[in-house]
1. Being outside the structural domain of residue 105 (by TED's automatic domain parsing), at pLDDT below 95 and either loosely packed, with under 10 Cβ neighbours inside 10 Å or assigned to a helix (DSSP H, G or I) (or both): is that true of residue 19 here?
2. Which residues, taken from the stretch 38-57, are under 27 Å from residue 69 (Cα atoms) and in a loop (DSSP other than H, G, I, E, B)?
3. Since residue 31 meets every condition but one in (1) at pLDDT 95 or above; (2) surrounded by 10 or more Cβ atoms within 10 Å (Cβ to Cβ), which condition does it not meet?
4. Considering only the stretch 46-70, state which residues are in contact with a helix residue (DSSP H, G or I) (Cβ under 7 Å, 6 or more places away or on another chain), within 30 Å of residue 81 (Cβ to Cβ) and surrounded by 10 or more Cβ atoms within 10 Å (Cβ to Cβ).
Amino acid sequence: MGRVIRAQRKGAAGSVFKVKLPSGAKKLLQSDCRAMVGQVAGGGRTEKPLLKAGNAYHKFRVKRNCWPRVRGVAMNPVDHPHGGGNHQHIGHASTVRRDAPPGAKSGQIAARRTGRRRGQAAVTAGKSML
């Protein structure tokens, strides 16, 4: 990559020496310091897209059981509070009170506000995202 460090001068006592960094800065280091030469193995591995469901399957198979992620509305009513019905819809308000029991806590828990922002709040929210 062309990023090198040059040892410039050894101290009189031999305990410190001066190095010049790629930024041009000069630094004093102990003479018993060590460094590894090369690149970190596997760097940038996660930047490549998975592309296929099979690749995601093998990735999560060795990690944990969190894939595939099934939506609650696609389940049966015995499996999830959002399940069931003749088409995929929640069927009731998605906001849930904070003191709801664990089996009923699915959706927006203790939401302060829901829906589309209207008026001045929408303008300020749009500016904060830019």
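1. Details: outside the structural domain of residue 105 (by TED's automatic domain parsing): yes; at pLDDT below 95: yes; either loosely packed, with under 10 Cβ neighbours inside 10 Å or assigned to a helix (DSSP H, G or I) (or both): no.
No: the conditions fail for residue 19.
2. Pass one, the stretch 38-57, residues under 27 Å from residue 69 (Cα atoms): 44-57.
Listed by number, the residues that qualify are 44, 48, 49, 50, 51, 52.
3. Going through the list (1) at pLDDT 95 or above; (2) surrounded by 10 or more Cβ atoms within 10 Å (Cβ to Cβ), residue 31 breaks only (1).
4. We begin by selecting, within the stretch 46-70, every residue in contact with a helix residue (DSSP H, G or I) (Cβ under 7 Å, 6 or more places away or on another chain); these are 50, 66-67.
Right, trim to within 30 Å of residue 81 (Cβ to Cβ) and you get 66-67.
Answer for the stretch 46-70, where residues must be in contact with a helix residue (DSSP H, G or I) (Cβ under 7 Å, 6 or more places away or on another chain), within 30 Å of residue 81 (Cβ to Cβ) and surrounded by 10 or more Cβ atoms within 10 Å (Cβ to Cβ): just 67.
The values are calculated or read from the model by the stated rules, or taken from the named source; none is laboratory data. Not measured: the values here are computed from a predicted model. Neighbour counts are summed over all protein chains in view; Cβ atoms, including those assigned to glycine, are modelled from backbone coordinates with ideal geometry.
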